[in-house]
Amino acid sequence: MFKHILLPVDGSDLSLRAVDTGLELAAKLGARVYAFHVVAPFPALSYMVDIVQANQEFYVQEAATRAEGYLKEVAQRASAAGVPCDTGQEVDNRPYAAIVAAATRQKCDLIVMASHGWRGIDRLLLGSETHKVLVNCDVPVLVCH
(Lines give C-alpha, C1' and ligand atoms only; values in the text may rest on other atoms or scores of the structure.)
Protein backbone atom coordinates (compact mmCIF):
# COMPACT_ATOMS: atom_id res chain seq x y z
CA MET A 1 0.00 0.00 0.00
CA PHE A 2 2.14 2.91 1.24
CA LYS A 3 5.87 2.66 0.48
CA HIS A 4 7.31 6.11 1.28
CA ILE A 5 5.96 8.11 4.21
CA LEU A 6 6.73 11.77 4.93
CA LEU A 7 7.08 12.60 8.63
CA PRO A 8 7.10 16.37 9.24
CA VAL A 9 8.55 17.12 12.67
CA ASP A 10 8.73 20.36 14.63
CA GLY A 11 10.31 18.97 17.80
CA SER A 12 7.10 19.07 19.85
CA ASP A 13 5.93 16.04 21.82
CA LEU A 14 2.85 15.95 19.61
CA SER A 15 4.88 15.79 16.40
CA LEU A 16 7.07 13.05 17.89
CA ARG A 17 3.97 11.02 18.75
CA ALA A 18 2.92 11.35 15.09
CA VAL A 19 6.43 10.24 14.11
CA ASP A 20 6.03 7.13 16.27
CA THR A 21 2.68 6.40 14.61
CA GLY A 22 4.24 6.84 11.17
CA LEU A 23 7.17 4.60 12.06
CA GLU A 24 4.88 1.90 13.41
CA LEU A 25 2.86 2.01 10.20
CA ALA A 26 6.03 2.00 8.07
CA ALA A 27 7.39 -1.03 9.94
CA LYS A 28 4.16 -2.97 9.37
CA LEU A 29 4.03 -2.03 5.68
CA GLY A 30 7.73 -2.42 4.92
CA ALA A 31 7.84 1.26 3.95
CA ARG A 32 10.60 3.82 4.27
CA VAL A 33 10.25 7.29 5.76
CA TYR A 34 11.46 10.79 5.07
CA ALA A 35 11.73 12.96 8.18
CA PHE A 36 11.38 16.63 7.34
CA HIS A 37 11.70 19.87 9.31
CA VAL A 38 10.80 23.36 8.14
CA VAL A 39 12.81 26.26 9.56
CA ALA A 40 11.11 29.64 9.63
CA PRO A 41 13.28 32.30 7.98
CA PHE A 42 14.78 35.07 10.08
CA PRO A 43 12.53 38.15 10.03
CA ALA A 44 14.81 40.97 8.88
CA LEU A 45 14.28 44.70 9.21
CA SER A 46 16.08 46.65 6.52
CA TYR A 47 16.85 49.73 8.62
CA MET A 48 18.95 47.82 11.18
CA VAL A 49 21.24 45.96 8.79
CA ASP A 50 24.33 45.58 11.02
CA ILE A 51 22.44 44.42 14.10
CA VAL A 52 20.16 42.19 12.07
CA GLN A 53 23.09 40.58 10.25
CA ALA A 54 24.69 39.47 13.54
CA ASN A 55 21.38 38.20 14.90
CA GLN A 56 20.53 36.48 11.64
CA GLU A 57 23.78 34.50 11.68
CA PHE A 58 23.07 33.39 15.26
CA TYR A 59 19.45 32.52 14.39
CA VAL A 60 20.42 30.49 11.31
CA GLN A 61 23.06 28.56 13.26
CA GLU A 62 20.68 27.85 16.17
CA ALA A 63 17.82 26.88 13.85
CA ALA A 64 20.07 24.47 11.92
CA THR A 65 21.28 22.91 15.18
CA ARG A 66 17.70 22.45 16.43
CA ALA A 67 16.61 20.99 13.08
CA GLU A 68 19.51 18.53 13.09
CA GLY A 69 18.55 17.48 16.61
CA TYR A 70 14.91 16.91 15.67
CA LEU A 71 15.86 14.92 12.58
CA LYS A 72 18.48 12.90 14.46
CA GLU A 73 15.80 11.93 17.00
CA VAL A 74 13.52 10.68 14.22
CA ALA A 75 16.39 8.79 12.55
CA GLN A 76 17.22 7.08 15.86
CA ARG A 77 13.59 6.08 16.39
CA ALA A 78 13.42 4.79 12.80
CA SER A 79 16.58 2.76 13.28
CA ALA A 80 15.18 1.22 16.47
CA ALA A 81 11.99 0.32 14.56
CA GLY A 82 13.98 -1.15 11.65
CA VAL A 83 12.62 1.44 9.21
CA PRO A 84 14.84 3.05 6.54
CA CYS A 85 14.91 6.81 7.07
CA ASP A 86 16.21 9.78 5.12
CA THR A 87 16.04 13.30 6.49
CA GLY A 88 15.87 16.83 5.18
CA GLN A 89 15.18 20.39 6.16
CA GLU A 90 14.20 23.55 4.36
CA VAL A 91 13.82 27.23 5.17
CA ASP A 92 10.36 28.52 4.31
CA ASN A 93 7.94 30.97 5.88
CA ARG A 94 5.06 28.73 4.82
CA PRO A 95 5.68 25.33 6.45
CA TYR A 96 2.67 23.74 4.75
CA ALA A 97 4.02 24.67 1.31
CA ALA A 98 7.42 23.21 2.12
CA ILE A 99 5.79 20.00 3.40
CA VAL A 100 3.66 19.63 0.26
CA ALA A 101 6.70 20.31 -1.95
CA ALA A 102 8.82 17.79 -0.01
CA ALA A 103 6.13 15.12 -0.42
CA THR A 104 6.11 15.72 -4.16
CA ARG A 105 9.89 15.96 -4.51
CA GLN A 106 10.51 12.81 -2.45
CA LYS A 107 7.64 10.95 -4.16
CA CYS A 108 5.97 10.19 -0.83
CA ASP A 109 2.63 8.43 -0.97
CA LEU A 110 1.50 9.32 2.58
CA ILE A 111 2.10 12.12 5.07
CA VAL A 112 1.74 11.38 8.78
CA MET A 113 1.61 14.54 10.86
CA ALA A 114 0.28 15.98 14.07
CA SER A 115 -2.49 18.45 14.63
CA HIS A 116 -2.60 20.54 17.76
CA GLY A 117 -6.37 20.20 17.77
CA TRP A 118 -7.00 23.91 18.16
CA ARG A 119 -10.63 24.88 18.02
CA GLY A 120 -12.65 28.05 17.71
CA ILE A 121 -10.84 31.36 17.97
CA ASP A 122 -7.42 29.76 18.53
CA ARG A 123 -7.68 27.97 15.19
CA LEU A 124 -8.90 31.13 13.50
CA LEU A 125 -6.06 33.24 14.90
CA LEU A 126 -3.24 30.72 14.82
CA GLY A 127 -4.20 28.73 11.75
CA SER A 128 -3.27 25.13 11.22
CA GLU A 129 -0.37 23.96 9.11
CA THR A 130 -1.94 20.51 9.08
CA HIS A 131 -5.18 21.91 7.69
CA LYS A 132 -3.25 23.84 5.04
CA VAL A 133 -1.42 20.64 4.04
CA LEU A 134 -4.74 18.80 3.77
CA VAL A 135 -6.20 21.50 1.53
CA ASN A 136 -3.14 21.91 -0.71
CA CYS A 137 -1.83 18.36 -1.12
CA ASP A 138 -2.79 15.50 -3.40
CA VAL A 139 -1.05 12.98 -1.13
CA PRO A 140 -3.15 11.28 1.59
CA VAL A 141 -2.55 12.68 5.08
CA LEU A 142 -2.92 10.75 8.32
CA VAL A 143 -3.57 13.28 11.09
CA CYS A 144 -2.58 12.36 14.65
CA HIS A 145 -3.84 14.18 17.74
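The values are calculated or read from the model by the stated rules, or taken from the named source; none is laboratory data. Computed from a predicted structure; not experimentally measured. We place every Cβ from the backbone using ideal geometry, glycine too, and count neighbours over all the protein chains shown.
Data overview
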| read-out | value |
| --- | --- |
| Search result, residues across the range 113-145 that are at pLDDT 90 or above and of a type in the set (Gly, Ala, Ser) | Ala114 |
| Checklist (1) surrounded by 14 or more Cβ atoms within 10 Å (Cβ to Cβ); (2) modelled with pLDDT of 95 or more; (3) over 17 Å from the mean Cα position of the chain (by Cα) applied to Val52, failing item | (2) |
| Helices (runs of 4 or more DSSP H) lying entirely in the range 1-114 (those with 3 or more residues that are over 20 Å from Cys137 (Cβ atoms)) | 13-29, 49-81 |
| Residues located in the range 75-97, provided they are in contact (Cβ under 8 Å) with a residue 12 or more places away in the chain and more than 28 Å from Pro43 (Cα to Cα) | Ala75, Arg77, Ala78, Ala81, Gly82, Val83, Pro84, Cys85, Asp86 |
| Of all residues making up the range 14-43, the number that are surrounded by 13 or more Cβ atoms within 10 Å (Cβ to Cβ) and more than 15 Å from the chain's Cα centre (by Cα) | 8 |
| Single unsatisfied condition, Ala75 versus (1) within 22 Å of Thr130 (Cβ to Cβ); (2) of a type outside the set (S, T, N, Q); (3) surrounded by 14 or more Cβ atoms within 10 Å (Cβ to Cβ); (4) modelled with pLDDT of 95 or more | (1) |
